[in-house]
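First the structure, in the form of structure tokens, and then the observations on it.
Any read-out appearing in this document is the output of simple, stated calculations on the displayed coordinates, not a laboratory observation. This is a predicted model, so every value here is computed, not measured. No Cβ is skipped: glycine too gets one built from the backbone with ideal geometry, and neighbour counts run over all protein chains shown.
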Amino acid sequence: MKRGGRRVHHRVPNWVNGSWRVVRHFYRIRPIPGVDLDSSSSTISFNDLFREFVADWRILLTGLIVGISVATILVSMEAPVYKATLTVAPVESSMEGSAGTGGASATLANLLGGGTSGQYGDYAQFLDMTHSVRLATRLNEKYGLMKKVFPIDKKTGAFVPPPDIVSRLIRTVRWMLGLQPWAPPNMVSLADFLKGAVAVNNEANGTNTLVYSAPTPAAASSFLARVYQETDDLMRQEKLASHRKRLEYLGQRLSDTSSLEQRNFLIGLWGREQSQMLLLTGGDPVGARMTDDIRVPNVSQNGAAFTLGIGLLLGLLTGLFAVIGRSAYRRA
């Protein structure tokens, strides 16, 4: 707007000028090329750049504060995660037969399809069974695990696709490739969930640690206890069924043979199978024993330290790039 051929300059409020002077003084803002007349262009060496970092420590400090603040907000928005751990070890007393009848009984067990090799003992079977389809079926029948793990329609009770963005992208890609985008979960899906949710970590002393995370300490401890107990009970029932099958076979052989030597041998095997069933019904662990109670820390372990560390690093990098960019702009 002009009056008498002259441009009228509106004055900036005093509080704006005062605030700008405070910001310039704190952050050591220098003349800007093309705007301030006393600015000059020059190159910068590594030593000069290092001096810029030292001189502009306020910018670096601001970047660190912003990074930590954003990381703190993200941590506060995350759901709490409590990690339950259970250390298991092989059972102390072997449930295999004693010397004398052990080799013959093992041969009989293999013929009946119920024997296990030395490389695949009860302990290895226990660890494998923690994510088996048989255990998944048992947990679903007793606790309705599938409807607690996979999303369902509250009105119809039918399973629905996961609503998260990653799952949607995967379904879209599969549809574009001509594949079936999604299928309702089954027991194999539940077994895969168990394999991913319950981690089995090998320890240096030969034990293994089962790990499961949940939003509350009670939920983490309860689920891990169910996995251990149901796995052990499932192995117990399968072994009892196998021994009953062997007893039926031995009873049939005893009724068919008249040789005294064979009858004595079969009676010895019969007694061994009976003793094995007594051990199984005694309540002792079958595949693995707990070396201690389930441990659940009373502090959430949702990766807060990692998130804060990333926020600190990103804040520092932001401050460094801001100092470098401002220095380059001043010398442009």
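For the reader, a short list of remarks on this structure follows.
- Only one entry of A199, A220, A191 meets the criterion of being touching a Phe, Trp or Tyr at 6+ places or on another chain (Cβ under 6 Å) and surrounded by 13 or more Cβ atoms within 10 Å (Cβ to Cβ), and that entry is A220.
- All positions within the range 181-211 that are in contact with a strand residue (DSSP E or B) (Cβ under 8 Å, 6 or more places away or on another chain) and under 30 Å from P163 (Cα atoms): P184, P185, A197, V198, A199, V200, L210, V211
- V198 under 20 Å from D128 (Cα atoms) and touching a Lys or Arg at 6+ places or on another chain (Cβ under 7 Å): no
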